[in-house]
Amino acid sequence: MSTKNHNEEKDFKEKDTPLNDGDATNLQDEIEKESDEMEETDNVAGDYESLQKKYDELNDSHLRLMAEFDNYRKRTLREKADLIKSGGESALTQLLPVLDDFERAMQNIRTAEDVNAVKEGIELIYNKFIAYLGQQGVKAIDAIGKPFDTEIFEAIATIPAPEDDLKGKVLDSVQTGYTLYDKVIRHAKVVVGE
């Protein structure tokens, strides 16, 4: 046989020969890869839909929570404003009987002939008013004879102390100071010995 015929025969055999096992495996792998990619695309689309649904639920929940919080904040601000407006109502209604007593005393002063009875009436009203303040937590600051303390006293004058042990102490109180539950609401104006 000639070389030419031999080469033609070889080409013919290669064309007629069935595919090798390696070639079939490669083809099968490509087909599986394509089907896997299609499944992944389907899975990604399904995952996207489920994630979008979850996002929408969370977003809706978040918006509702924000609205509830905003309503709560507005309600508490409104309640605080109402408390501030009407908080003094109970204190003022409890003061009204003292005011009534003062009105009666003023009417009796005009027609009273007994000055001692008027004095007693005024003292009763004063004591009633002091008792009311005590119920509200207001107490007078006891000043005379106490060491001078800038936290509770305001010195308006200094005078020479009559005795050495009164130096730096309060000798006289010009205006009474008051505390509300141990907080000074008005400093006592005092005269201090030096």
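Side notes on the structure shown:
- Simple spin-label estimate for THR76 and MET106 in nanometres, 7 Å along Cα-Cβ: 4.5
- Average Cα contact separation per residue, the stretch 137-194, under 8 Å, 6 or more apart, as relative contact order %: 46
- Filter on LYS85/LYS128; LYS85/LYS189; LYS80/LYS146; LYS128/LYS169; LYS53/LYS80 - keep pairs with C-alpha separation over 29 Å: LYS85/LYS189; LYS80/LYS146; LYS128/LYS169; LYS53/LYS80
Every number here is computed from the coordinates shown, using simple stated rules; none is lab data. Just so it is clear, the structure is predicted and the values come from calculations on it, not from any experiment. FYI the Cβ positions are ideal-geometry reconstructions off the backbone, even for glycines, and counts take in every protein chain you see.
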